[in-house]
1. I'd like to verify a number: residues in segment 59-75 that are on the phi > 0 side of the Ramachandran plot and loosely packed, with under 10 Cβ neighbours inside 10 Å, how many?
2. Quick check: is even one residue across segment 50-72 of a type in the set (V, I, T) and in contact (Cβ under 8 Å) with a residue 40 or more places away in the chain?
3. Residue check, T124 against (1) surrounded by 12 or more Cβ atoms within 10 Å (Cβ to Cβ); (2) polar (S, T, N, Q); (3) more than 21 Å from M14 (Cβ to Cβ), all met but one. Which one?
4. Where the second residue is modelled with pLDDT under 85 and surrounded by fewer than 16 Cβ atoms within 10 Å (Cβ to Cβ) and the first is of a type in the set (F, W, Y) and lies in segment 93-114, which pairs have Cβ atoms under 7 Å and are six or more apart or on separate chains?
5. Only residues that are over 21 Å from G59 (Cα atoms), in contact (Cβ under 8 Å) with a residue 24 or more places away in the chain and of a type outside the set (A, V, I, L, M, F, W, C): list them for segment 10-39, please.
6. Out of segment 21-76, which residues are aromatic (F, W, Y) and closer than 19 Å to L129 by Cβ?
7. Does Q61 qualify as being among the polar types (S, T, N, Q) and more than 18 Å from E83 (Cα to Cα)?
8. From the list Y46, Y64, which one is in a helix (DSSP H, G or I) and aromatic (F, W, Y)?
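The values are calculated or read from the model by the stated rules, or taken from the named source; none is laboratory data. Here the structure is a predicted model, which is why all the values come from computation and not from measurement. Virtual Cβ from ideal backbone geometry, glycine too; neighbours counted across all protein chains shown.
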Amino acid sequence: MRFQKTTEYAVRVMVFLANNRDELYSVNRLHKILNIPYKYLGRLMYKMNQAGLLKVLKGKQGGYQINEQRHPIYLYEIIGVVEGLDSYDRCILGFEECSDDNPCTLHKYWYKYKEGIKEMIYNTTLKDLQNASQIKY
């Protein structure tokens with residue numbers, strides 16, 4: 001299982017901004033540093049700003065930074081803004097109906113991993129992800 005590309009970009013941006021809290025970053029500057037497509041990044045930053053995860057200062061010297069008043073920020077919040085959380089409850093084989101009463105062939109094996117992933121998403125904060133000694137953005 002992988003995050004969608006939009007979620008990958010969002011997490012990378014948020015961790016980068018969390019590690020560089022004291023500076024403002026324009027979309028263009030983030031695009032160059034993180035190698036995320038410019039137009040895509042612009043839309044992503046707008047969405048995260050609208051959700052209150054970021055704050056933006058407009059003008060020539062403006063840019064984005066983490067919204068310190070939204071502390072802590074959990075991974076599920078970032079995912080919820082960019083792709084929604086529905087996919088983390090779906091059947092791994094794509095069936096509409098998949099439960100203990102009506103399981104797919106992988107249900108009993110996938111369920112415990114799916115629950116572990118959900119637990120990680122709901123309990124991991126941006127602070128947990130930042131300041132690793134060897135971190136890639």
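1. 1
2. Yes, that holds for at least one residue.
3. Tallying (1) surrounded by 12 or more Cβ atoms within 10 Å (Cβ to Cβ); (2) polar (S, T, N, Q); (3) more than 21 Å from M14 (Cβ to Cβ), T124 fails exactly one: (3).
4. Close Cβ pairs (under 7 Å, with a partner that is modelled with pLDDT under 85 and surrounded by fewer than 16 Cβ atoms within 10 Å (Cβ to Cβ)) do not exist here.
5. R12, N19
6. Y25, Y64, Y74, Y76
7. Yes.
8. Y46
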